[in-house]
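J.: My structure is below; once you've seen it, I'll send some questions.
Read-outs throughout are calculated quantities, based only on the coordinates presented, and are distinct from any laboratory measurement. Only a predicted model underlies this, so the values are computations on that prediction, with no experimental measurement involved. Neighbour counts are summed over all protein chains in view; Cβ atoms, including those assigned to glycine, are modelled from backbone coordinates with ideal geometry.
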Amino acid sequence: MNYLWDVVNHKNINIMKIRNFFFFLTVISALTFYSCANEGGKADENASEDTATEQMAEDAMAEAQPVAEAEQAMGPSTTVEFEESEWDFGKITDGDKVQHNFQFTNTGSEPLTIKNAKGSCGCTVPEWPREPIAPGESGEIKVEFNSKKKPGKQTKRVTITANTEPPQSYLTIKADVQPNPDAEAATK
């Protein structure tokens with residue numbers, strides 16, 4: 001009788017293992033399907049929420065640049081002074097590419113070497129002088145913003161890494177991106 005009970009009990013354990021396996025497989029499949037469905041196409045009514053979330057993530061990544069990169073700026077420290085560190089383009093139309101030149105002066109006693117300038121996302125592209133700026137001399141950093149598919153109020157940041165103290169300086173651009181009437185007419 002014990003032998004018979006052991007066989008029945010063993011089969012129950014195997015059935016339980018199979019059931020647990022299929023339950024686990026179903027849960028994993030459902031999660032995978034749900035996450036893929038959410039990545040595919042986001043509804044237009046959630047576009048501004050998505051934009052805000054993306055912008056927060058972009059800003060967090062820009063702020064999280066490694067300190068090692070900042071410490072690798074070349075040469076002895078100097079100081080830099082920007083005429084303005086923020087620019088507001090005001091209202092622009094979706095798809096516009098706008099740019100602003102940020103003027104700066106090397107106010108220190110050593111040559112200023114800008115190692116890097118990086119926008120908080122791919123829509124914000126800075127151009128900076130690659131050659132050292134002598135003490136007392138001026139230069140400019142051109143920042144271009146592509147507003148395509150960036151609806152609503154936008155704030156983007158450019159991180160400048162140079163041989164300054166502190167090693168990173170920040171420039172900010174803002175815009176209020178309005179819908180493109182030509183694009184709306186084409187979809188109707």
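J.: I want the local charge near Asp176. Using Cβ-Cβ distances under 12 Å, sum +1 for each Lys or Arg and -1 for each Asp or Glu among the other residues.
T.: Once positives and negatives cancel, what remains is +1.
J.: Using modelled backbone amide H atoms (1.01 Å from N, in-plane), which distant-in-sequence or interchain residues come within less than 5 Å of Asn116's amide H?
T.: Thr161
J.: Still on this structure, I have one more. Explain nothing, just compute: Karplus ³J(HN,Hα) = 6.51 cos²θ - 1.76 cosθ + 1.60, θ = phi - 60°, for every residue of segment 140-150 in order, whole Hz, x for Gly and Pro.
T.: Taking θ as phi minus 60°, the curve returns 9, 10, 8, 10, 10, 10, 9, 8, 4, 6, 10 Hz for segment 140-150.
J.: Which FRET efficiency value, to the nearest 0.05, is calculated for Arg130 and Asp182 with the Förster distance at 45 angstrom and r the Cβ-Cβ distance?
T.: 0.75
J.: Mind scanning Lys97/Lys150; Lys91/Lys153; Lys115/Lys148; Lys115/Lys149; Lys115/Lys153 and naming the pairs with a C-alpha gap bigger than 19 Å?
T.: Cα-Cα > 19 Å for Lys115/Lys148; Lys115/Lys149; Lys115/Lys153; rest within.
J.: Give the long-range amide H neighbours of Thr78: residues separated by 5 or more places, or on another chain, with amide H under 5 Å away, using H modelled in the peptide plane at 1.01 Å from N.
T.: Result for Thr78 returns Thr164, Glu165.
J.: With r defined as the distance between the Cβ atoms of Lys142 and Glu81 and R0 fixed at 25 Å, what FRET efficiency is calculated, to the nearest 0.05?
T.: That gives a FRET efficiency of 0.90.
J.: Quick one: Karplus J couplings for segment 103-115, per residue in order, coefficients 6.51, -1.76, 1.60, θ = phi - 60°, nearest Hz, x for Gly and Pro?
T.: Coupling constants for segment 103-115: 8, 9, 10, 7, 9, x, 9, 10, x, 8, 10, 8, 7 Hz.
J.: If you don't mind, there's one more thing I want to ask. If amide hydrogens are placed 1.01 Å from N in the peptide plane, which non-local residues have theirs closer than 5 Å to the one on Glu137?
T.: Asn106
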